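Please read the structure below before turning to the comments.
The values are calculated or read from the model by the stated rules, or taken from the named source; none is laboratory data. This one's a predicted model, so the numbers in the text were calculated from it and none came from an experiment. All Cβ positions, even for glycine, are placed from backbone atoms using ideal geometry, and neighbour counts span all protein chains on display. Protein only, heavy atoms only, side chains kept; ligands, DNA and RNA dropped before computing areas. Shrake-Rupley method; radii C 1.70, N 1.55, O 1.52, S 1.80 Å.
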Amino acid sequence: MEYQDFINAVATRAKVSTDQAATLTRATLETLADRISAGQAENLAYQLPEGLDDHLRQPPPHRREEQARSFGLDEFVRRVADHPAIDRALAEPGVRAVLTTLREAVSRDEFENALAQLPKEFRQVIEPVGAGGGQRRGS
């Protein structure tokens with residue numbers, strides 16, 4: 001999956017502009033890098049296109065010490081919402097859209113390995129395989 005395909009899929013799923021989708025993607029991937037092990041974040045990053053991979057590899061310096069901290073879905077969404085330029089109302093649908101698109105962009109094994117490090121409640125926000133909201137065509 002190419003960078004723009006990823007962003008377009010997030011925009012379609014979250015019903016936001018591509019600029020908002022890019023911001024939501026960055027914030028969600030950075031928060032995910034805080035929540036899973038550095039090794040698992042690197043494995044996911046390796047499968048993502050340039051422009052997305054760095055968000056998993058280099059969380060902001062003020063959060064480095066929090067990497068792999070245990071927190072649930074509500075805290076995850078709150079942390080995404082705390083990023084500059086993110087409307088709080090878009091944080092939850094944005095997280096849902098980014099995680100669902102991430103599942104499509106990386107191998108099943110890598111996604112499942114990352115998901116195994118998260119509470120079961122995260123599975124509830126990821127669209128089932130084959131559910132609507134796929135990639136936009138021609139936009």
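The set of residues in region 27-39 being out of contact with any Leu (no Cβ under 9 Å at 6 or more places or on another chain) and in a helix (DSSP H, G or I) consists of ALA27, THR31, ASP34, ALA38, GLY39. Within region 24-34, the presence of at least one residue that is of a type outside the set (Ser, Thr, Tyr) and modelled with pLDDT under 90 is confirmed.
Each residue in region 23-42 was checked for being under 16 Å from LEU99 (Cβ atoms) and open to solvent by 10 Å² or more (accessible area, probe 1.4 Å), and 5 of them qualify. Among the residues here, GLU75 qualifies as open to solvent by 30 Å² or more (accessible area, probe 1.4 Å), outside any loop (DSSP other than H, G, I, E, B), farther than 21 Å from ILE7 by Cβ and not aromatic (Phe, Trp, Tyr). In the set (1) open to solvent by 20 Å² or more (accessible area, probe 1.4 Å); (2) outside any loop (DSSP other than H, G, I, E, B); (3) at pLDDT 90 or above, the condition left unmet by LEU99 is number (1).
Among the residues of this structure, ALA85 counts as one that is modelled with pLDDT under 90, out of contact with any Phe, Trp or Tyr (no Cβ under 8 Å at 6 or more places or on another chain) and more than 19 Å from GLU42 (Cβ to Cβ).
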